[in-house]
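The values are calculated or read from the model by the stated rules, or taken from the named source; none is laboratory data. From a predicted model like this one, the values you see are computed outputs, not experimental measurements. For neighbour counting, all protein chains shown are included, and Cβ atoms are generated from backbone atoms with ideal geometry for every residue, glycine included.
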Amino acid sequence: MKIEKRDDPRTLIKIKIDYEAEGAYLYDYSHDLSEGGIFLQTDNPLEVGETINLKFILPEVLEEVETTGEVTFSN
């Protein structure tokens, strides 16, 4: 059994994420998110500690969310 270490529960959802990292504009998909984080499925992993600007639309809200995040895990 896997022990969950996150403070906030994850919501399983597939949404397109537009983001800017190191001056490049990219997009990939997320498969889960929470108040405290988001999983970004990408073939080009970012460096831990890197700051990224994210934009996405939640299905029930239909309003673009813009936020800044920091990469805390990459594999």
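Against the condition loosely packed, with under 13 Cβ neighbours inside 10 Å, modelled with pLDDT of 90 or more and of a type outside the set (Val, Ile, Thr), how does Glu22 come out, does it pass? Quick ask: steps written out before the conclusion?
Working: loosely packed, with under 13 Cβ neighbours inside 10 Å: yes; modelled with pLDDT of 90 or more: no; of a type outside the set (Val, Ile, Thr): yes.
So Glu22 fails the test.
Suppose the filter is on the phi < 0 side of the Ramachandran plot, in contact with a Pro (Cβ under 7 Å, 6 or more places away or on another chain) and in contact (Cβ under 8 Å) with a residue 12 or more places away in the chain; does Ser30 pass it? Full working, then the answer.
On the way: on the phi < 0 side of the Ramachandran plot: yes; in contact with a Pro (Cβ under 7 Å, 6 or more places away or on another chain): no; in contact (Cβ under 8 Å) with a residue 12 or more places away in the chain: yes.
For Ser30, the condition - on the phi < 0 side of the Ramachandran plot, in contact with a Pro (Cβ under 7 Å, 6 or more places away or on another chain) and in contact (Cβ under 8 Å) with a residue 12 or more places away in the chain - is not met.
For region 7-19, which positions are modelled with pLDDT under 90 and either of a type in the set (Asp, Glu) or surrounded by 10 or more Cβ atoms within 10 Å (Cβ to Cβ) (or both)? Full working, then the answer.
Going residue by residue through region 7-19, those that are modelled with pLDDT under 90 are 7-13.
Correct list: Asp7, Asp8, Pro9, Arg10, Thr11, Ile13.
For region 30-67, which positions are among the hydrophobic types (A, V, I, L, M, F, W, C), surrounded by 11 or more Cβ atoms within 10 Å (Cβ to Cβ) and assigned to a loop (DSSP other than H, G, I, E, B)?
Filtering region 30-67 for residues among the hydrophobic types (A, V, I, L, M, F, W, C) gives 33, 38-40, 46, 48, 52, 54, 56-58, 61-62, 65.
If we keep only those that are surrounded by 11 or more Cβ atoms within 10 Å (Cβ to Cβ) as well, we get 33, 38-40, 46, 52, 54, 56-58, 65.
Scanning region 30-67 gives Leu46, Leu58.
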